[in-house]
Each structure stands twice: as structure tokens, then as C-alpha cells.
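Contents: one structure, followed by commentary.
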Amino acid sequence: MDEKWIIISEEDRRPGAMTREQYILATQQNSLPRTEHPPFYPVGIYGWRKRCLYFFVLLLLVTMIVNLAMTIWILKVMNFTVDGMGNLRVTKKGIRLEGISEFLLPLYVKEIHSRKDSPLVLQSDRNVTVNARNHMGQLTGQLTVGADAVEAQCKRFEVRASDSGRVLFSADEDEIVIGADRLKVTGTEGAVFGHSVETPHIRAEPSQDLKLESPTRSLVMEAPRGVQVNAAAGDLKATCRKELHLQSTEGEIFLDADTIRLGNLPVGSFSSSSSFSSSSSPSSSASRQTIYELCACPNGKLYLSPAGAGSTCQSSSNICLWS
């Protein structure tokens, strides 16, 4: 590059004019090649954005620590183990609950049983209801234990013995069967039956009386092969207000005893005119009579007549006519 020299005399130098050295230096600086640098842009997050990012990272870290601590606390309180949670244990045979368990919603299970050394208690504030359904979901049986009553709704209700499995009690729409060896009624009023009762044997407790009573209606005992009333160590007494009928349609009435007494029979007095006069009490002449003849009217009424040499019974007696 060609350099240009400019000579300025001393006379031409004015105040404020550059010297030769300054001019040369200025021209050399302008003639040097200039290298241009690309613009510089800073990379990264600076300022308030950086502070917000650190704040959110710190908040996320605190949240993770709190969640981890809460998870560990829940596992510790609920007693989570490999076998189950708390009193709940999952075994090969099913689920095992220890202690008191509370169910807020319906429970569907196949079998419930307690431990061998403790009973099974089902408790509810209102009632306990056990339902049985078929494969279509229809209700087939229901057992409700309430505060006022225990209700069972099913086609047939049975109570069986624990050792032999024998039916002790069964009930359905047609009949009620009691299969126990002995039915004992301890109520003061006894047992009240609204309809007929069929039984092969009725017996009172030892040293107790047996009483069959119908306060307002009749009492009928029937059996196709006979009715037997036996008092092995006591008296047999039949009392009625009006009439006591002993009837045998085809057979006979047999009275077998060492002594047979017929009390309060009307006594008729025999007269020479062959007429009888009845009286409820013996007359003065009849009071001296010690032997009487038992007479029967055509209608079956019995009365006493003073015994004589012959029979003193007559069908035309006033006792037979007015009876």
C-alpha cells in the first residue's frame, strides 16, 4: 500500500492542526485490516426465571419427601405385611379376620366360621339379616334377627341334633313335626291348641297331675283302635255338670272291680197295690230296709227297689214314667 506523505511547513501550522507524527499514526490505523466478530447472545436461564425454577424443584423435592413419609406411616399404622393388612390375613383357604370387624356394605361369602377356641358373634345396631339366593339371584331363604322377633322365611325350616343329625323340629306350609323324644311345656297356662291334636301318648311329669281341659267347648278323644286311660297309682275321676255318657255301639261296657258303687240312685217303695212312689230320700219304712234290688227302666234309668220275696221291679213305676 502506497503511503502518502504530506509536508507542512512550520509557517503553515495553525493552532489545533495535527503534527506529522499524529497524522502518520492516524493514517496507519485507518489502513490496518479490521476483523469483524459475530454478535454474542448469552445461553441459559438468568434472573427471576432461574429463581422460580429452583423454587419449584425444591417444592417438588419436599412433596416427594412428605409423600414418602406418609406412605411409610400408613404402612406402619395399617400393619401391611406380605400376608395381609392389620387383622386381615390372606391364606390359602380364604381370608382370616382377627378381632372385631365392622362391615358397612353387604358381605358376600360362601362360609363363615370362627376359631376353634372362640365363638362367632354377629352384632348390629338394628338387625342381622342372612339371605340365601339361587343362581338367578332370586331370594330363596331369609333369616332376620331383630329387636322384637326372630323371623325365618323359607320353604322348610329344620332344627337338627348336633350329634346324630336327627330332625328335632321342622315346619313347612303343610305341617309342623317335633322329633324330640319328649315335648315339655312348662307354662302355667299349659299348651293351647286351636284345632285337633294327634299323638300316641300323653303323660304327665312324675308326681304331677295330668289335666285335659276345654273351658268353653267339648273335649273329644278319638282313636280307631281304642282309647286307654290308666291311673297306675291313683284314682281316675270323671266329673261333668250334666250328663256322662258311656256308649258302645257294637260291644259292651265292662266294669271290673272289687267293689262297684252307684251312689244317689232314686229309691222306690213297694206297696201292696203294686205301685211305686219315688222319693229322693228313703221314707221311714224304707230307712229300715237294708237290702234293695237294682232295677232298670226301659229307657236305661236305674233305681233301687226294696227287695222282697220276688222281684219288685216294674216298668210302670213312676220313676220310669217320669224320667
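The values are calculated or read from the model by the stated rules, or taken from the named source; none is laboratory data. Note that the structure is a prediction, hence the values are computed from the model and not measured. Please note: Cβ atoms are built from the backbone with ideal geometry, for glycine as well, and neighbour counts cover all protein chains shown. Keep in mind that these areas ignore ligands, DNA and RNA; they rest on the heavy atoms of the full protein, side chains included. Shrake-Rupley method; radii C 1.70, N 1.55, O 1.52, S 1.80 Å.
Determine the pairs where a residue that is under 18 Å from Leu246 (Cα atoms), located within region 208-236, has a partner that is part of a loop (DSSP other than H, G, I, E, B) and of a type in the set (D, E, K, R) with Cβ atoms under 8 Å apart, the partner being 6 or more residues away or on another chain.
Cβ pairs passing all conditions: Leu219/Glu213.
Can Arg217 be described as closer than 30 Å to Asn318 by Cβ, loosely packed, with under 10 Cβ neighbours inside 10 Å and of a type in the set (Lys, Arg)?
So Arg217 does not fit the description; no.
Within region 156-272, which strands (runs of 3 or more DSSP E) (wholly inside it) include 1 or more residues that are farther than 30 Å from Pro306 by Cα and modelled with pLDDT of 80 or more?
157-160, 167-171, 176-178
Taking region 132-155 only, how many residues are surrounded by 11 or more Cβ atoms within 10 Å (Cβ to Cβ) and either touching a helix residue (DSSP H, G or I) at 6+ places or on another chain (Cβ under 6 Å) or of a type in the set (Lys, Arg) (or both)?
So the count comes out to 1.
Take Asp235 and tell me if it is farther than 25 Å from Asp256 by Cβ and open to solvent by 80 Å² or more (accessible area, probe 1.4 Å).
no
Inside region 156-202, can you point out the residues that are loosely packed, with under 10 Cβ neighbours inside 10 Å and among the charged types (D, E, K, R)?
Hits for region 156-202 are Asp163, Glu173, Asp174, Glu175, Asp181, Arg182, Lys184, Glu189, Glu198.
With respect to Asp235, is the statement that it is acidic (Asp, Glu) and under 25 Å from Ile178 (Cα atoms) true?
Taking the combined requirement at face value, the residue does not satisfy it.
Okay, residues lined up against (1) more than 23 Å from the chain's Cα centre (by Cα); (2) open to solvent by less than 90 Å² (accessible area, probe 1.4 Å):
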site	(1), (2)
Leu60	yes, no
Met70	yes, no
Phe80	yes, no
Leu88	yes, yes
Glu102	no, no
Glu111	no, no
Leu122	no, no
